[in-house]
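The values are calculated or read from the model by the stated rules, or taken from the named source; none is laboratory data. The structure presented is a predicted model; accordingly, all values stated were derived computationally and were not measured. Every residue, glycine among them, receives a Cβ derived from its backbone with ideal geometry; neighbour counts consider all protein chains shown.
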Amino acid sequence: MRRAIPWPHRRAVLRGLVAFPLAAPALAQAKPRVTVVGGGFAGATAARVLARLGITVTLVEASETFAACPFSNAVIAGLRGMEAQRFGYDALRRDGIVIAQQTAKSVNGPGRSVTLGDGSVLAHDRLVLAPGIDLRLDALPGYDDAAAAKLPHAWKAGEQTVLLRRQLEAMPDGGTVLMSVPANPYRCPPGPYERASLIAHYLKTKKPRSKLIVLDAKDAFSKQRLFQAAWAELYPGLIEHVPLSGGGKVTAIEAETGTLVTEFGRHQGAVVNVIPPQRAGAIAEAAGVADRTGWCPIDPTSFESRQQPGIHVIGDAAIAGAMPKSAFAANAQAKACAVAVAALLRGTAPPAPKLINTCYSLVAPDYGISVAGVYRPAGGLLAEVDGAGGTSPAGASRDTRALEASYAEDWFKTITAEVFG
């Protein structure tokens, strides 16, 4: 069982983690070229670190701005505006990074090039892929793009986030909200349970005769004891969690009636949030770095693909062993990967990284919980360092929970300023 994190030291530790020191010197000779695909927490971080290491970097990103998923559950619950989640790339341009506002269509691994949506071709010495996730809409019969317009997933921040918020606002008091949660792996393991918590907060304060049913394709989840204790304290009778063993796995969707079908029965909701299974972003398959699971096996020291030499994969798309898919993890992996790429371009062995992840969750605006872990290469994967992580303590005071909520806000401000500011 995870031990509780020593709280007096938490804030100082996290500040130190975000300011990851560059372990490799800048390259002194002719600048090598690296293309980075994807402008989220992983890709933007990798691009900035590589540029500071003296490498010519082109970042391929189709969107003008990045919409952050951390804290987007607060947008759904009406606690935050969507504009607070959007970040631009001007700071990266000031670092000398070329922003190619295009979609990456294909990758020529042996030819070391990427073809963009406009037909242009980018040549590089090494490629870093940070494509995030794609949603496997085909994994749930009855769920497709048209169904998602009625029953939003809101698992990519943006229009879907706002849609789910508006549906909650329009729902009559006394309506039932349904959520479906997929089996592992997926982006942000505790994310659905934070969302359930904040939706419950919205219902408690705005529509107290309503309830939330969470249909879950697994029996155990991240920070489960902390979440369930908080639900009993804050939202008694408001959240019904149906695990896999209780018939929680959704097997089909009936979008027209807002019905989720399970092996044990049918559930109809006034608002339905379907979080489908996921896989690495589409360019990963096109590049040949995704395996049959849909995710990307990597070397845990360099993050180089085990299937395509010269291509590195970071963030949510990577199979990172014990390290979960989170913004903090993506940021940490990007820094380690950039140092490794610089070393490989110099012809030296990359250093073995030690990576940290901390994931905060809000159960209410003033009630936060977290889990932390430290990871290092072992047995061909990223393995957790025993005794180095932990969770928020059970039975902590409300003052402690409020402090964690403030730490979560501080963390978000810090990481977004570092990556995009």
Find the residue count for the stretch 147-160, including only residues that are in contact (Cβ under 8 Å) with a residue 24 or more places away in the chain and surrounded by fewer than 23 Cβ atoms within 10 Å (Cβ to Cβ).
7
Sort out which residues of the stretch 363-386 are among the small types (G, A, S) and either part of a strand (DSSP E or B) or under 22 Å from A200 (Cβ atoms) (or both), and write them in order of number.
A364, G368, S370, A372, G373, A378, A383
The number of residues in the stretch 188-213 that are more than 12 Å from Y235 (Cα to Cα) and in a helix (DSSP H, G or I) is 6
Taking A84 as the residue in question, decide whether it is at pLDDT 95 or above and buried (at least 22 other Cβ atoms within 10 Å of the Cβ).
no
Of the residues in the stretch 302-332, those that are of a type outside the set (F, W, Y), touching a helix residue (DSSP H, G or I) at 6+ places or on another chain (Cβ under 7 Å) and farther than 22 Å from P277 by Cβ come to S302, Q308, I311, H312, N331
For the structure I just gave you, tell me whether F221 is assigned to a helix (DSSP H, G or I), among the hydrophobic types (A, V, I, L, M, F, W, C) and either within 22 Å of A77 (Cα to Cα) or in contact (Cβ under 8 Å) with a residue 40 or more places away in the chain (or both).
no
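Among the residues of the stretch 245-269, count how many are aliphatic (A, V, I, L, M) and surrounded by fewer than 17 Cβ atoms within 10 Å (Cβ to Cβ).
Going through the stretch 245-269 one residue at a time, the tally reaches 1.
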Filter the stretch 92-146 for residues that are exposed (fewer than 13 other Cβ atoms within 10 Å of the Cβ), touching a residue at least 24 places away in the same chain (Cβ under 8 Å) and not assigned by TED's automatic domain parsing to the domain that holds V37 and give the result.
P141, A146
Residue set Y360, Y407; condition in a strand (DSSP E or B), at pLDDT 95 or above, hydroxyl-bearing (S, T, Y) and under 19 Å from the mean Cα position of the chain (by Cα); output residue Y360
Scan the strands (runs of 3 or more DSSP E) fully inside the stretch 41-136 and keep the ones with 3 or more residues being more than 30 Å from E404 (Cα to Cα).
56-60, 98-100, 104-108, 113-116, 121-123, 126-129
Can you tell me how many residues within the stretch 340-357 are buried (at least 23 other Cβ atoms within 10 Å of the Cβ) and either modelled with pLDDT under 95 or in a helix (DSSP H, G or I) (or both)?
3
Out of the stretch 387-404, which residues are assigned to a loop (DSSP other than H, G, I, E, B), farther than 13 Å from A372 by Cα and polar (S, T, N, Q)?
S397
Identify the residue in the stretch 287-320 that is more than 18 Å from the chain's Cα centre (by Cα) and acidic (D, E) and, among all such residues, is nearest to N184 (Cα to Cα).
D291
